[in-house]
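The values are calculated or read from the model by the stated rules, or taken from the named source; none is laboratory data. Because the structure is predicted, anything quoted here is derived from the model rather than measured. With ideal geometry, Cβ positions are generated from the backbone for all residues, glycine too; neighbour counts draw on all protein chains shown.
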Number of protein chains: 2
Amino acid sequence: MKKDVNRKSGKKKPVILITNDDGLTAPGIMHLVEAVKDLGRVVVVAPDKPQSGMGHAITIGFPLRMHKTDLIEGVESWSCNGTPVDCVKLAVDKILHQKPDICLSGINHGANHSINVIYSGTMSAAIEASIENIPAIGFSLLDHSHEADFSGAMIYARKIVEQILSKKADKHLCLNVNIPAVDIKLIKGIKVCRQAYAKYKEEFHERKDPSGKKYYWLTGEFLNFDKGKDTDVWALKNNYVSIVPVQYDLTNYSLKKMVEKNYAW
Amino acid sequence: MKKDVNRKSGKKKPVILITNDDGLTAPGIMHLVEAVKDLGRVVVVAPDKPQSGMGHAITIGFPLRMHKTDLIEGVESWSCNGTPVDCVKLAVDKILHQKPDICLSGINHGANHSINVIYSGTMSAAIEASIENIPAIGFSLLDHSHEADFSGAMIYARKIVEQILSKKADKHLCLNVNIPAVDIKLIKGIKVCRQAYAKYKEEFHERKDPSGKKYYWLTGEFLNFDKGKDTDVWALKNNYVSIVPVQYDLTNYSLKKMVEKNYAW
């Protein structure tokens with residue numbers, strides 16, 4: 001296809017699939033598109049509504065729909081009524097009709113470091129791509145607000161995407177990138193990390209609705225139990241961009257040995 | 001509390017939290033309760049509707065509600081409008097007001113071996129418990145039907161729960177147990193396994209609604225790319241009950257080394 005060939009180098013331009021979990025209208029995804037759109041042929045397939053905390057949910061109980069939009073000028077973009085993982089699956093099967101060269105997810109409004117990776121729709125979309133042999137990167141900025149300043153995140157996202165596109169990537173490559181919410185001058189660089197053992201001490205707010213019936217809102221305090229200096233939480237606290245390589249093999253091999261040895265199966 | 005003490009041994013009876021992803025009215029959860037209810041004080045907190053494929057989704061955009069039910073005779077049981085992971089969180093914070101001694105999830109109607117673990121609400125509930133230092137086991141029978149025969153699964157589920165309760169378990173213990181859908185006489189025993197690299201070749205059925213608009217249904221063919229005889233798929237095919245110990249640290253340590261070495265960060 002003519003439009004997928006770079007006019008200067010004659011090389012085929014990479015196909016870049018972009019999704020997120022905050023929905024197609026979130027500033028984060030617009031900034032990600034803006035940061036990388038000249039690096040290849042960008043196609044956006046993203047949820048039509050916020051899908052934060054959807055983890056690796058897929059839709060099996062009702063039909064999925066997609067609509068082409070003109071929300072992002074000059075970029076083919078689709079909204080979908082499914083989850084972030086549904087968006088990746090549908091994009092490959094029904095829009096691209098091929099595997100893209102890379103899948104990017106984000107930029108998420110809010111952190112996805114430590115245990116957050118497991119609840120994150122942003123990261124689940126990236127993990128789904130990597131299961132399907134598509135190298136993938138999820139990006140998150142440590143600022144929940146709609147008005148967050150994505151300027152530093154855009155520069156680092158582009159830098160990381162350029163690196164990964166510069167050579168043949170591992171087909172199951174999946175990176176969880178978190179970016180501190182500080183002025184770019186204060187960012188010290190990039191650190192490849194492990195996932196910190198840090199999580200939420202959760203409590204639910206108990207309230208009553210106007211008819212006196214109880215309901216609950218999830219809330220919680222973030223606690224870091226991990227003293228390591230090789231973790232994503234440490235890196236972010238020290239103003240580094242963190243990259244955690246992520247896997248979808250959930251086998252706990254050390255627990256496997258222990259379970260084989262300690263019980264009489 | 002008097003009712004939590006075993007009258008014969010004088011030992012404190014373990015508190016057993018049970019949930020699932022097929023919903024409180026599914027036969028699978030009733031059979032799991034039946035299989036283990038004399039092993040401790042059983043409390044059930046389960047979704048009020050099917051939540052298959054919900055993965056590790058949590059509810060953050062709307063309030064959660066719970067209702068006490070008398071669906072299961074002699075067992076405290078609650079229905080919840082949230083996901084399986086929400087059920088675990090709410091049960092600990094608002095019903096038990098303590099961590100249970102063990103969390104059981106299932107028995108799922110359908111397989112959760114290989115990559116299914118990542119999409120499974122059943123297994124995500126168990127993983128959530130293990131993050132919270134609660135040993136956890138998810139059970140799945142390889143039969144999707146409502147009328148599935150759970151008799152073999154009940155015997156193996158009880159056997160495995162008894163084993164884990166027999167000694168102090170690793171606080172992050174999480175087991176993914178799958179049970180072949182064959183007559184119990186044909187089951188050869190239990191195998192501790194790793195997660196197979198086996199997944200779905202997905203396609204979406206494209207249809208049109210009465211007004212001519214396209215919609216899509218997820219479907220797919222299951223493919224096993226893994227030749228290993230130490231996998232869950234191999235064990236199940238050979239009529240063993242498979243146990244895969246599961247982790248929530250998604251760091252890919254071998255990819256981490258490669259990413260550190262091969263790119264100029």
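Within the set A:184, A:190, the sole residue that is touching a helix residue (DSSP H, G or I) at 6+ places or on another chain (Cβ under 8 Å), of a type in the set (A, V, I, L, M, F, W, C) and within 8 Å of chain B (Cβ to nearest Cβ) turns out to be A:190.
Just to be sure before I move on: is residue A:265 facing chain B (nearest Cβ under 9 Å), assigned to a loop (DSSP other than H, G, I, E, B) and surrounded by 13 or more Cβ atoms within 10 Å (Cβ to Cβ) in the structure I sent? Step through it out loud before you land on a result.
Values: facing chain B (nearest Cβ under 9 Å): yes; assigned to a loop (DSSP other than H, G, I, E, B): yes; surrounded by 13 or more Cβ atoms within 10 Å (Cβ to Cβ): yes.
Yes: the conditions hold for residue A:265.
The condition (being more than 9 Å from the chain's Cα centre (by Cα), aliphatic (A, V, I, L, M) and surrounded by 23 or more Cβ atoms within 10 Å (Cβ to Cβ)) is satisfied by just one residue among A:157, A:125, A:136, A:148: A:157. Among the residues of region B:12-22, is there at least one that is hydroxyl-bearing (Ser, Thr, Tyr), in contact with a helix residue (DSSP H, G or I) (Cβ under 7 Å, 6 or more places away or on another chain) and modelled with pLDDT under 95? No, the conditions are met nowhere in region B:12-22. Would it be correct to say that residue B:38 is surrounded by fewer than 21 Cβ atoms within 10 Å (Cβ to Cβ) and either over 17 Å from residue B:105 (Cβ atoms) or aliphatic (A, V, I, L, M) (or both)? Yes, satisfied.
Among the residues of region B:224-241, the ones that are within 11 Å of chain A (Cβ to nearest Cβ), surrounded by 18 or more Cβ atoms within 10 Å (Cβ to Cβ) and not charged (D, E, K, R) come to 3 in all. With respect to the conditions (1) at the interface with another protein chain (Cβ under 7 Å from one of its Cβ atoms); (2) among the aliphatic types (A, V, I, L, M); (3) in a helix (DSSP H, G or I); (4) in contact (Cβ under 8 Å) with a residue 12 or more places away in the chain, residue B:255 lacks only one, and its number is (4).
With a requirement of 2 or more residues that are closer than 25 Å to residue A:147 by Cβ and more than 14 Å from chain B (Cβ to nearest Cβ), the helices (runs of 4 or more DSSP H) lying completely within region A:20-124 that satisfy it span A:27-36. You will find that of B:172, B:146, the residue that is within 10 Å of chain A (Cβ to nearest Cβ) and not in a helix (DSSP H, G or I) is B:172 and no other.
Under the condition of being under 23 Å from residue B:117 (Cα atoms), touching a helix residue (DSSP H, G or I) at 6+ places or on another chain (Cβ under 9 Å) and aliphatic (A, V, I, L, M), the residues counted in region A:61-91 number 3. Residue check: is residue A:141 under 18 Å from residue A:35 (Cβ atoms), out of contact with any Leu (no Cβ under 8 Å at 6 or more places or on another chain) and either of a type in the set (A, V, I, L, M) or surrounded by fewer than 18 Cβ atoms within 10 Å (Cβ to Cβ) (or both)? Considered against the rule, which asks whether it is under 18 Å from residue A:35 (Cβ atoms), out of contact with any Leu (no Cβ under 8 Å at 6 or more places or on another chain) and either of a type in the set (A, V, I, L, M) or surrounded by fewer than 18 Cβ atoms within 10 Å (Cβ to Cβ) (or both), residue A:141 comes out as yes.
Just a yes or no: is a residue in region A:242-252 more than 7 Å from chain B (Cβ to nearest Cβ) and surrounded by fewer than 22 Cβ atoms within 10 Å (Cβ to Cβ)? The answer is no, given that none of the residues of region A:242-252 is more than 7 Å from chain B (Cβ to nearest Cβ) and surrounded by fewer than 22 Cβ atoms within 10 Å (Cβ to Cβ).
Give the residues of region B:183-223 that are surrounded by 13 or more Cβ atoms within 10 Å (Cβ to Cβ) and touching a residue at least 40 places away in the same chain (Cβ under 8 Å), sorted by residue number.
Listed by number, the residues that qualify are B:187, B:190, B:191, B:192, B:193, B:194, B:195, B:196, B:197, B:198, B:199, B:200.
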